[in-house]
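Enquirer: Handing you this structure, nothing more for now.
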Amino acid sequence: MWNSAITAYLHYLGFMLSVGALSIEHFAVKEQPTLKESKRIVIADVVYGLGALTVLVTGVLRVLYFGKGTEYYTSNPIFWIKVGLFLFIGALSLYPTVTFILWARDLQQGQAPVLTEQKTKIITSIVRFELFGFLLLPLLAAMMARGIRLF
C-alpha cells in the first residue's frame, strides 16, 4: 500500500515540478536575458527534465505494478493518446534544452547569452505548447481512470 501511495505522490510531484519549471522558462526567456535570468532558465530546464523523468518512471511503475492492471490501461485508446502526447512534449523539449545546454560556456565565463528574436519566438512557442500539453495530461488521466473511451 505504501509503495503505491509513494509512487502516486512522486508521479504528481514530478508533474507539478514540470509545470512549475516550464512556467519559469516561459516567463524568463527573452532576447537578452541577464546572467541571473539565464542561470534561472537553465536550472528550470534541469528541474523540468527531472520532473518529466519522474513522471515517466512513476507512470510506468503505476501501469505495471500499482494501478488497475496493464490490460486496463493498454486496452484504452486514451492511454495511448496520453502516452503519445507525453512523448511528443518530450521530443519538443529537445530544442529549448539543446539551446540552453549551448549556453554553458558563456555562463561559465560570466556572460549572458543573446537570443535572436526568431529563436526567442520559437522557444516561447514550444514552451507554451508544452504547458498546454501538460494541462491536457490530467484531463486524459481523469478520463482514463473513469473508464471513458473514445471508441
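The values are calculated or read from the model by the stated rules, or taken from the named source; none is laboratory data. Since the structure is predicted, the reported quantities are computational estimates derived from the model, not experimental observations. When we count neighbours, we look across all protein chains shown, and the Cβ atoms used for this are built from the backbone with ideal geometry, even at glycine. Just so you know, the surface numbers come from the protein's heavy atoms only, side chains and all, with ligands and any DNA or RNA stripped out. Shrake-Rupley method; radii C 1.70, N 1.55, O 1.52, S 1.80 Å.
Enquirer: Do we find that residue 63 is β-branched (Val, Ile, Thr), surrounded by fewer than 18 Cβ atoms within 10 Å (Cβ to Cβ) and over 28 Å from residue 26 (Cα atoms) in this structure?
Expert: On the way: β-branched (Val, Ile, Thr): yes; surrounded by fewer than 18 Cβ atoms within 10 Å (Cβ to Cβ): yes; over 28 Å from residue 26 (Cα atoms): yes.
The answer is yes for residue 63.
Enquirer: Give the number of residues within the range 93-105 that are more than 14 Å from residue 40 (Cα to Cα) and out of contact with any helix residue (DSSP H, G or I) (no Cβ under 7 Å at 6 or more places or on another chain).
Expert: Count: 4.
Residues checked against (1) in contact with a Phe, Trp or Tyr (Cβ under 9 Å, 6 or more places away or on another chain); (2) open to solvent by 70 Å² or more (accessible area, probe 1.4 Å); (3) at pLDDT 95 or above; (4) on the phi < 0 side of the Ramachandran plot:
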residue: 16; (1), (2), (3), (4): no, yes, yes, yes
residue: 25; (1), (2), (3), (4): yes, no, yes, yes
residue: 56; (1), (2), (3), (4): yes, yes, yes, yes
residue: 69; (1), (2), (3), (4): no, no, no, no
residue: 87; (1), (2), (3), (4): no, yes, yes, yes
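Enquirer: If residue 145 satisfies all but one of (1) modelled with pLDDT under 90; (2) open to solvent by 100 Å² or more (accessible area, probe 1.4 Å), what's the number of the condition it fails?
Expert: (2) is the only condition that residue 145 fails.
Enquirer: Taking the stated definitions as given, is residue 81 in contact (Cβ under 8 Å) with a residue 24 or more places away in the chain, under 16 Å from residue 137 (Cα atoms), aliphatic (A, V, I, L, M) and open to solvent by less than 30 Å² (accessible area, probe 1.4 Å)?
Expert: When the stated conditions are applied, residue 81 does not pass them.
Enquirer: Looking only at the range 66-106, count how many residues are touching a Ser or Thr at 6+ places or on another chain (Cβ under 8 Å) and in a loop (DSSP other than H, G, I, E, B).
Expert: Residues in the range 66-106 being touching a Ser or Thr at 6+ places or on another chain (Cβ under 8 Å) and in a loop (DSSP other than H, G, I, E, B): 1 in total.
Enquirer: Yes or no: the range 15-33 includes at least one residue that is part of a helix (DSSP H, G or I) and among the basic types (Lys, Arg).
Expert: Looking through the range 15-33, none of the residues is part of a helix (DSSP H, G or I) and among the basic types (Lys, Arg).
Enquirer: Of all residues in the range 42-52, count the ones that are without any contact (Cβ under 8 Å) to a residue 60 or more places away in the chain and over 8 Å from the mean Cα position of the chain (by Cα).
Expert: Of the residues in that region, 6 qualify.
Enquirer: For the range 111-121, check the following and say yes or no: at least one residue is at pLDDT 90 or above, open to solvent by less than 40 Å² (accessible area, probe 1.4 Å), assigned to a helix (DSSP H, G or I) and acidic (Asp, Glu).
Expert: No, the range 111-121 contains no residue that is at pLDDT 90 or above, open to solvent by less than 40 Å² (accessible area, probe 1.4 Å), assigned to a helix (DSSP H, G or I) and acidic (Asp, Glu).
Enquirer: Out of the range 27-46, which residues are open to solvent by 50 Å² or more (accessible area, probe 1.4 Å) and not polar (S, T, N, Q)?
Expert: Start the filter on the range 27-46 by keeping residues that are open to solvent by 50 Å² or more (accessible area, probe 1.4 Å), which leaves 27, 30-32, 34-36, 39-40, 43, 46.
Of everything in the range 27-46, those that are open to solvent by 50 Å² or more (accessible area, probe 1.4 Å) and not polar (S, T, N, Q) turn out to be 27, 30, 31, 35, 36, 39, 40, 43, 46.
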